[in-house]
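The values are calculated or read from the model by the stated rules, or taken from the named source; none is laboratory data. Because the structure is a prediction, the values reported are computed rather than measured. Neighbour counts run over all protein chains shown; Cβ positions are idealised from the backbone, glycine included.
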Amino acid sequence: MLINKPQLLLVRFAVLAITAIGLLLSLDFFREYEREHRMVEEQLMTQAHLLAEHTELAISSATLLLFDVETDVYRVGLKTLAEDQEYWWRLRERLQRTPQIASVFIADESGWVNFTTNASPILVPNNVINRDYFRAHQNGLYHYLGAPIRGLGSDRWLIPVSIRINGPNAEFLGVIVATLDIRYFHAFYTQLPKGLDIRVSAYRHDGVLLAQYPDHRLIPGLSQAIEPATTTKPLVRRIYRGVSPVDGTTRIVAFNPTSSYPVVVTVSNDYRAFLTTLYPAAIRALLIFTFFALGTTAAVYLLIRSIRTTDEAREAQLHSLSKQRESERIARAVIGHLPNGRVAVLNRELRYVFIAGQGAPNEPLPQTVLGRTIQELYPLTTRDKLEALARKAFEGVKSEEEFSYRQNHLRVMAAPLYDDAKQIDQILLLTQDISDLKHTQHQLEARNQKLQQLSLTDGLLNIANRRAFDMALKQEWARGMQNQAPVALLLVDVDYFKRYNDSYGHAEGDHCLQAISALLQQAVARPADVVARYGGEEFAVLLPNTDQSGAEAVAARIHQIIAEKAIPFAVGGVPGQRVTVSIGIGVDTPVNEASRDRLINTADKALYSAKANGRNRTAIGLVAKTNDE
């Protein structure tokens, strides 16, 4: 239904009002989003800065302790210091006042741990030569923050902070190591405000994970695909949104490097959890928009409906008249130009009340049909078919049928015609002469059959080709699966055929293959057996419903018939100076489609075995069964 100008103005006003309210609500929601997002960012940056300072203080306390031990080592010597039990007791008491430091130990230039503050030395490995911090100090680095290590005999994760011990000539004498307990960092991280799925991580600049809370089963010490900000030079504080390498979730990340050590601290919130805090505001805006849109739409709809009431009735009447005139015009054009066809109208007595068009040459003329019934016009066979179509049409069923009438082929369609009360009072009968179409169709079918036969026949040997063989094998294999009957395959190869071609020429080689083909067809007796050219001088003999003994009998018959034919092969090195064949037999009971290739492989391997063992013989292949069979 078209909309006139007043109705269009109402619709435009409604769309404009709804759009304006939607834009205002969207702007208000966006401001709310920005305000909440800014508050979360400020909170994360504050927490990241606090944790970075906490991490830096922990590492600094370990570093100061190392400097003190280094000073004592240089002052009295490593051996003297190690033997001073009072000194080490004082050092242990100092560690008790610094819970972040788990232990202090000294390793010599060979990596052997000579002294440790641990009451149980098992918490420190006896040799640390393979640790990253030891190798770093060997290479000349003075101060180093190592990758986390797991203490032997416990599940404690420790972060080693170490310095190098130099000799008088700056030679490497060993390392002093203080280990930071990761549990100390976890205990501090738990004091952060809960909510929005907060995650805290500490990394080295090279991406090695030092600590994380919650741990999410990440292993400290492994290099993680951490935030892209760790690759920037120089590292600066920043806030960004990215995808977490831990669980693939999008998070708001506060990135804060420490000022004195190669450590980065990140504090992040789940972005989706943040969005859930905005759901109430979003739902409120959506409800306001929905109610306003529905109310405006309903009001405009009622106004337009009242305007349309009279217009619709007038337009329906005009449309009906126009449609009726168009139908009459089309009907006249169709009836006048219908090729080889007639249009007729019959009443409930099956009497023709209207007929027009061109019928078949032998059909009754229109002037002789009008006013008469089907029974009066057509013979019994044709009459029964037309009356059946008419009865279906009077039952409200449209139907169609093709049949012959006086050497012509007709297509007849019957359809019901309804009156103003929606009752069927007449039927429409369309008749078309399709004799020429049927003749052409029969010619095409005959040509297609001939082409199909040519496509499945080997042009030289006039037997089934490889394509026909594959189709026959697929068909017989399916029948074998249904009946659980064995299928046998014989692969037959002409021995020394290349020598035959080289000696007698390709024309005689073709004659030889034709003779072998004829002998193979003579050797099989059943109509279902298939002899096909498998490729080159190789033939395939498909024997449905045949077991191994039956296949061996056919193979023996093939050898016998070819031997009796005695095709000359007077070439040196050919036993018997006559043409012979090698045969490989495969027999299998079909289980599934995949096992069909197994039958071919079995016969092929058997053929190879027959040729390898001297030719002019038959070899039987063994089927390799699977566990499912």
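Lys233 - would you say it is outside any helix (DSSP H, G or I), at pLDDT below 75 and within 19 Å of Thr46 (Cα to Cα)? Walk me through it before giving the result.
Numbers: outside any helix (DSSP H, G or I): yes; at pLDDT below 75: yes; within 19 Å of Thr46 (Cα to Cα): no.
When the stated conditions are applied, Lys233 does not pass them.
Cβ contacts < 9 Å: first residue farther than 22 Å from Ala147 by Cβ and without any contact (Cβ under 8 Å) to a residue 60 or more places away in the chain, restricted to the stretch 256-279; second residue acidic (Asp, Glu) and not in a strand (DSSP E or B), any location; separation 6+ or different chain. Result?
Cβ pairs passing all conditions: Arg272/Asp197.
Within the stretch 250-305, which residues are in a loop (DSSP other than H, G, I, E, B) and either modelled with pLDDT of 90 or more or of a type outside the set (A, V, I, L, M, F, W, C) (or both)?
The first filter runs over the stretch 250-305 and keeps only residues in a loop (DSSP other than H, G, I, E, B), leaving 258-262, 277-278.
Correct list: Thr258, Ser259, Ser260, Tyr261, Pro262, Thr277.
With the condition kept exactly as written, say whether any residue in the stretch 533-549 is farther than 25 Å from Trp477 by Cα and in a helix (DSSP H, G or I).
no
Could you check how many residues of the stretch 501-549 are within 47 Å of the chain's Cα centre (by Cα) and either more than 29 Å from Gly572 (Cα to Cα) or of a type in the set (Phe, Trp, Tyr) (or both)?
Here the count works out to 16.
List pairs: first residue in the stretch 76-103 and of a type in the set (Asp, Glu) and assigned to a helix (DSSP H, G or I), second residue loosely packed, with under 15 Cβ neighbours inside 10 Å and at pLDDT below 90 anywhere in the structure, Cβ distance under 9 angstrom, at least six positions apart or on different chains.
none
Out of all the residues in the stretch 125-145, is one or more modelled with pLDDT under 90, among the aliphatic types (A, V, I, L, M) and either surrounded by fewer than 15 Cβ atoms within 10 Å (Cβ to Cβ) or closer than 19 Å to Arg183 by Cβ (or both)?
no
Just to be sure before I move on: is Ala553 of a type outside the set (Ser, Thr, Tyr), in the same structural domain as Ile583 (by TED's automatic domain parsing) and within 19 Å of Leu461 (Cβ to Cβ) in the structure I sent?
no
Quick one: which of Glu70, Glu56, Glu41, Glu109 is surrounded by 13 or more Cβ atoms within 10 Å (Cβ to Cβ), touching a residue at least 60 places away in the same chain (Cβ under 8 Å) and within 30 Å of Leu275 (Cα to Cα)? Let's see the steps before the verdict.
Working: Glu70 fails: within 30 Å of Leu275 (Cα to Cα); Glu56 fails: within 30 Å of Leu275 (Cα to Cα); Glu109 fails: within 30 Å of Leu275 (Cα to Cα).
That would be Glu41, the only listed residue that is surrounded by 13 or more Cβ atoms within 10 Å (Cβ to Cβ), touching a residue at least 60 places away in the same chain (Cβ under 8 Å) and within 30 Å of Leu275 (Cα to Cα).
Between Ile583, Ile600, Ile558, which is part of a helix (DSSP H, G or I), crowded, with 21+ Cβ neighbours inside 10 Å and in contact (Cβ under 8 Å) with a residue 24 or more places away in the chain?
Ile558
Any residue in the stretch 405-430 that is without any contact (Cβ under 8 Å) to a residue 24 or more places away in the chain sitting within a Cβ distance under 7 Å of a residue that is among the small types (Gly, Ala, Ser)? List the pairs, counting only those 6 or more apart or interchain.
So the pair list comes out as Ala415/Ala393; Pro416/Ala393; Pro416/Gly396.
Only one residue in Ala82, Ala48 is in contact with a strand residue (DSSP E or B) (Cβ under 7 Å, 6 or more places away or on another chain) and at pLDDT below 85, so which one is that?
After ruling out the rest, the residue left standing is Ala82.
Residues that are over 25 Å from Leu287 (Cβ atoms) and not hydroxyl-bearing (Ser, Thr, Tyr): does the stretch 21-38 have at least one? Talk me through it step by step, then tell me what you get.
Initial filter on the stretch 21-38 (over 25 Å from Leu287 (Cβ atoms)): 38.
Then drop every residue that is not not hydroxyl-bearing (Ser, Thr, Tyr), which leaves 38.
Yes, the stretch 21-38 contains at least one residue that is over 25 Å from Leu287 (Cβ atoms) and not hydroxyl-bearing (Ser, Thr, Tyr).
Could you tell me whether Glu538 is among the acidic types (Asp, Glu) and either buried (at least 16 other Cβ atoms within 10 Å of the Cβ) or on the phi > 0 side of the Ramachandran plot (or both)?
Spelling it out, Glu538 is indeed among the acidic types (Asp, Glu) and either buried (at least 16 other Cβ atoms within 10 Å of the Cβ) or on the phi > 0 side of the Ramachandran plot (or both).
Yes or no: Ala393 in contact with a strand residue (DSSP E or B) (Cβ under 6 Å, 6 or more places away or on another chain) and not in a helix (DSSP H, G or I)?
no
Modelled with pLDDT under 80 and surrounded by 15 or more Cβ atoms within 10 Å (Cβ to Cβ): is that true of Leu386 in this structure?
Details: modelled with pLDDT under 80: no; surrounded by 15 or more Cβ atoms within 10 Å (Cβ to Cβ): yes.
Judged against the criteria, Leu386 is not a match.
Could you grab me the full set of residues in the stretch 465-508 that are under 16 Å from Gly535 (Cβ atoms) and polar (S, T, N, Q)?
Residues satisfying the conditions are Asn465, Asn501.
Confirm whether Arg164 is modelled with pLDDT of 85 or more, more than 23 Å from Ser103 (Cα to Cα) and assigned to a strand (DSSP E or B).
Taking the combined requirement at face value, the residue does not satisfy it.
Tell me yes or no: at least one residue of the stretch 499-516 is at positive phi, not hydroxyl-bearing (Ser, Thr, Tyr) and not in a helix (DSSP H, G or I). First the steps, then the outcome.
In the first step, residues of the stretch 499-516 are kept if they are at positive phi; the result is 505.
Then drop every residue that is not not hydroxyl-bearing (Ser, Thr, Tyr), which leaves 505.
Adding the requirement that they be not in a helix (DSSP H, G or I) leaves 505.
Among the residues of the stretch 499-516, at least one is at positive phi, not hydroxyl-bearing (Ser, Thr, Tyr) and not in a helix (DSSP H, G or I), which makes the answer yes.
Can you name the number of the only condition in (1) modelled with pLDDT under 75; (2) loosely packed, with under 10 Cβ neighbours inside 10 Å that Ile330 fails?
(2)
Just checking, how many residues over the stretch 488-498 are at pLDDT 95 or above and assigned to a helix (DSSP H, G or I)?
Going through the stretch 488-498 one residue at a time, the tally reaches 0.
Looking for whichever is more than 30 Å from Gly536 (Cα to Cα) and at pLDDT below 75 here; the options are Gln423, Gln367, Gln453. Which one fits?
Working: Gln423 fails: at pLDDT below 75; Gln453 fails: more than 30 Å from Gly536 (Cα to Cα).
Matching residue, one of Gln423, Gln367, Gln453: Gln367.
Got a sec? Which of Ala478, Ala468, Ala485, Ala464 is surrounded by 14 or more Cβ atoms within 10 Å (Cβ to Cβ), closer than 24 Å to Ser549 by Cα and at pLDDT 90 or above?
Ala485
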